[in-house]
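Beneath this line is the structure, given in structure tokens, with notes to follow.
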Amino acid sequence: MKETALLGIEIAKLALRQGLAVVIRGTAGEAALVQAAEAIDSFELTRLRERSGTEPNLVLSPQRALALGRGVKGTGAVVLRPRGEFDATAFHSLIDPLAISTSPLVLLSHFEIADTRTCDIAALKLTKLAGLLPAALAARLEGAPDDLLGWAAERGLPLIAAADVLAYEDQ
């Protein structure tokens with residue numbers, strides 16, 4: 001792996017640990033604005049929505065999804081798409097086994113399983129590499145800008161290739 005890719009991954013891990021968003025470019029031209037789910041509060045959730053123009057999906061590890069009764073075999077990540085807008089507390093109730101709030105089973109009735117993209121799998125792996133809960137919010141950048149690097153730079157966001165994250169072996 002190139003040294004620039006390794007540096008990019010380290011920068012992205014640091015950003016997630018600091019509660020910041022990163023842009024992940026997928027292998028099929030798709031892109032997502034990603035933030036560690038445990039770092040989301042109402043301000044950051046609103047900002048994620050405004051920057052992306054879409055409602056973020058919740059990306060969970062297959063193990064957490066299985067514990068919530070939403071497991072899908074053979075996937076590297078499970079993507080839950082909300083039916084409507086949710087607050088940060090709802091997301092925390094789904095990702096944190098120790099959260100005491102609305103029952104996750106009640107909340108799950110307001111989510112549906114969505115297609116998993118390479119951005120989603122990379123987002124989940126990046127949260128794990130950063131030492132965070134294996135859960136992310138991924139707002140898909142539909143019709144990603146041609147100049148994704150410029151778009152990310154204008155917003156002060158690190159950009160990382162999903163392929164680099166997926167090829168990364170923890171050093």
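Quick note: the coordinates plus some simple rules give every number you see, no bench work behind them. Not measured: the values here are computed from a predicted model. So basically every Cβ, Gly included, is an ideal-geometry build from the backbone, and we count neighbours across all protein chains shown.
Distance between the pseudo-spin-label points of LYS128 and GLN63 (7 Å out from Cα toward the beta carbon): 0.9 nm. A simple spin-label model places pseudo-atoms 7 Å from Cα toward Cβ; at LEU7 and LEU149 they are separated by 1.3 nm. Once the C-beta distance of GLU112 and THR54 is scaled by a Förster radius of 22 Å, the resulting FRET efficiency is 0.90 to the nearest 0.05. Farthest towards the positive end of the charge dipole of the chain, among the residues ALA161, LEU133, ILE24, is the Cα of LEU133, using unit charges on the Cβ of Lys, Arg, Asp and Glu.
Rounded to the nearest 0.05, what FRET efficiency do ARG83 and THR27 give with R0 = 25 Å and r taken as the Cβ-Cβ distance? Could you check?
FRET efficiency, ARG83 to THR27: 0.35.
Would you work out which of LEU33, LEU149, ALA77 lies farthest towards the positive end of the dipole of the chain, given +1 charges on the beta-carbon of Lys and Arg and -1 on that of Asp and Glu, about the Cα centre? Of LEU33, LEU149, ALA77, it is ALA77. Distance between the modelled labels on ARG47 and GLN18, one decimal in nanometres: 1.1 nm (7 Å Cα→Cβ projection).
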